[in-house]
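S.K.: Quick one: the structure is below, questions incoming.
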Amino acid sequence: MTEKEFVETYQLEEGYLVFEPWDDFKYGIVGVTEDRNHVVYGYQAMVESLGRAYEKYYYEKNKNEVYDADRFTQFLDEAVEWIDYNTLRSLPYYDANRRPIIMMETDLEI
């Protein structure tokens with residue numbers, strides 16, 4: 001889905017904010033808020049989305065490299081590091097009325 005299709009599907013208000021690059025983070029989106037002002041991301045979905053993007057870029061750059069499924073763990077680790085350091089720490093600098101929301105999943109049973 002393109003960003004334009006996403007905006008049309010969810011009827012987002014003008015001025016919404018998403019994480020860039022769109023293609024690297026789009027699969028991390030789990031919804032939008034009821035007021036249509038905030039795009040909602042799932043933390044784990046963001047990690048997997050960015051990890052897949054890293055994997056894609058790696059194998060495009062290294063065309064002769066044999067696919068190694070174990071390498072994906074490395075891409076996920078790099079994605080966690082990037083998101084934790086660059087993305088989560090940037091949230092306070094976004095406009096509070098439009099900034100993306102990241103849901104942090106837990107394994108707690110209640």
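The values are calculated or read from the model by the stated rules, or taken from the named source; none is laboratory data. The structure presented is a predicted model; accordingly, all values stated were derived computationally and were not measured. FYI the Cβ positions are ideal-geometry reconstructions off the backbone, even for glycines, and counts take in every protein chain you see.
S.K.: Anything in the stretch 77-104 that is more than 22 Å from Pro21 (Cβ to Cβ) and either loosely packed, with under 11 Cβ neighbours inside 10 Å or modelled with pLDDT of 90 or more (or both)? List them, or say none.
M.R.: Of the stretch 77-104, the ones more than 22 Å from Pro21 (Cβ to Cβ) are 96-97, 104.
Across the stretch 77-104, the qualifying residues are Ala96, Met104.
S.K.: Restricting attention to the stretch 55-63, does a residue exist that is within 22 Å of Phe6 (Cβ to Cβ), surrounded by 14 or more Cβ atoms within 10 Å (Cβ to Cβ) and modelled with pLDDT under 90?
M.R.: no
S.K.: Select, from Tyr27, Tyr41, the only residue that is under 16 Å from Arg99 (Cβ atoms), surrounded by 11 or more Cβ atoms within 10 Å (Cβ to Cβ) and in contact with a helix residue (DSSP H, G or I) (Cβ under 6 Å, 6 or more places away or on another chain). Walk me through it before giving the result.
M.R.: On the way: Tyr27 fails: under 16 Å from Arg99 (Cβ atoms).
Residue meeting the stated conditions: Tyr41.
S.K.: Only one residue in Arg71, Arg99, Arg52, Arg36 is of a type outside the set (Ser, Thr, Tyr) and in contact with a His (Cβ under 9 Å, 6 or more places away or on another chain), so which one is that? Outline the logic, then answer.
M.R.: Details: Arg71 fails: in contact with a His (Cβ under 9 Å, 6 or more places away or on another chain); Arg52 fails: in contact with a His (Cβ under 9 Å, 6 or more places away or on another chain); Arg36 fails: in contact with a His (Cβ under 9 Å, 6 or more places away or on another chain).
Selected residue: Arg99, the only one of Arg71, Arg99, Arg52, Arg36 that is of a type outside the set (Ser, Thr, Tyr) and in contact with a His (Cβ under 9 Å, 6 or more places away or on another chain).
S.K.: Looking at the stretch 1-106, what helices (runs of 4 or more DSSP H) fall wholly within it and have at least 1 residues that are touching a residue at least 40 places away in the same chain (Cβ under 8 Å)?
M.R.: Per the criteria, 43-61.
S.K.: For Met1, all conditions in the list (1) surrounded by fewer than 17 Cβ atoms within 10 Å (Cβ to Cβ); (2) touching a Leu at 6+ places or on another chain (Cβ under 9 Å); (3) modelled with pLDDT under 85 hold save one; what is the number of the exception?
M.R.: Against the list (1) surrounded by fewer than 17 Cβ atoms within 10 Å (Cβ to Cβ); (2) touching a Leu at 6+ places or on another chain (Cβ under 9 Å); (3) modelled with pLDDT under 85, Met1 comes up short only on (2).
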